[in-house]
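Here's the structure we're looking at; comments come further down.
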Amino acid sequence: MRDNEPISMFSALRFKTRLPLTWYRLAVIVIIVDQLVKMWATLTLEYGVPKVILPVFNITLQHNTGAAFSFLHDAGGWQRWFFSAIALVVGVVIAVWMARLKRGQTLLMTSLTLVLGGALGNVIDRLRFGYVVDFISVHYGDHYFPAFNIADSAITIGAGLMLLDMVLHPQHHNSSQNKPSRNEVKP
């Protein structure tokens, strides 16, 4: 592939030297760890009964039929397919984005890997059960943060790392950086 050749989704995936297989494998590890821990929580915890770990931290099995913070949890069932479709589309977009990144963009690649693994970990639950298995419960007194899981944590950490990359490496996120400006004269 030449530098001046337009990159399509498929040509980026065919360009084997840029295909980040190691990072895709790490996303699969995030999915496996997430699914194993959710299986452990489902098999060992009684639904809705907290196990106190620390005064501000419980493990409580819960099922979330909605999105983040149980958004649309009582919408009647259509949200299962809607959120699954969104997660799958986002997963494809992230996988293609990862294939297009240049070597050395480690922080951005790490963030995308975590978001991809987390999103697919939760979509597996939605497709299998119709809900996402949550079990991590953080609270202060009677004020509870919505329960979450390993996949949610990976997505949150990935999003945070992406914001950090935007601050430290703004050139990674500037799509117009390599395009000539309107006032620039071409030789």
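The values are calculated or read from the model by the stated rules, or taken from the named source; none is laboratory data. No experiment lies behind these values; they were computed from the predicted model shown. Virtual Cβ from ideal backbone geometry, glycine too; neighbours counted across all protein chains shown.
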Determine whether Leu36 is out of contact with any Pro (no Cβ under 8 Å at 6 or more places or on another chain), outside any helix (DSSP H, G or I) and at pLDDT 95 or above. no
Residue pairs qualifying under the 7 Å Cβ cut-off, at least six apart or on distinct chains, with the first in the range 134-146 being free of Cβ contacts under 8 Å to residues at least 60 places away in the same chain and the second being polar (S, T, N, Q) and surrounded by 10 or more Cβ atoms within 10 Å (Cβ to Cβ), are Tyr144/Ser137
Every listed condition ((1) over 26 Å from Ser84 (Cβ atoms); (2) outside any strand (DSSP E or B)) holds for Gly118 save (1)
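I'd like the residue in the range 121-163 that is part of a loop (DSSP other than H, G, I, E, B) and at pLDDT below 95 and, out of all such residues, is surrounded by the fewest Cβ atoms within 10 Å (Cβ to Cβ).
Of all residues in the range 121-163, those part of a loop (DSSP other than H, G, I, E, B) come to 130-131, 141-142, 145-147, 149.
Then drop every residue that is not at pLDDT below 95, which leaves 130-131, 141-142, 145-147.
Details: Gly130: 14, Tyr131: 16, Gly141: 7, Asp142: 5, Phe145: 12, Pro146: 16, Ala147: 24.
Going through the qualifying residues, I end up with Asp142.
When the range 110-137 is examined, which residues are found to be of a type in the set (S, T, N, Q) and out of contact with any Gly (no Cβ under 6 Å at 6 or more places or on another chain)?
Applying the first criterion (of a type in the set (S, T, N, Q)) to the range 110-137 yields 110-111, 113, 122, 137.
If the condition is that a residue be of a type in the set (S, T, N, Q) and out of contact with any Gly (no Cβ under 6 Å at 6 or more places or on another chain), then Thr110, Thr113, Asn122, Ser137 are the ones that fit.
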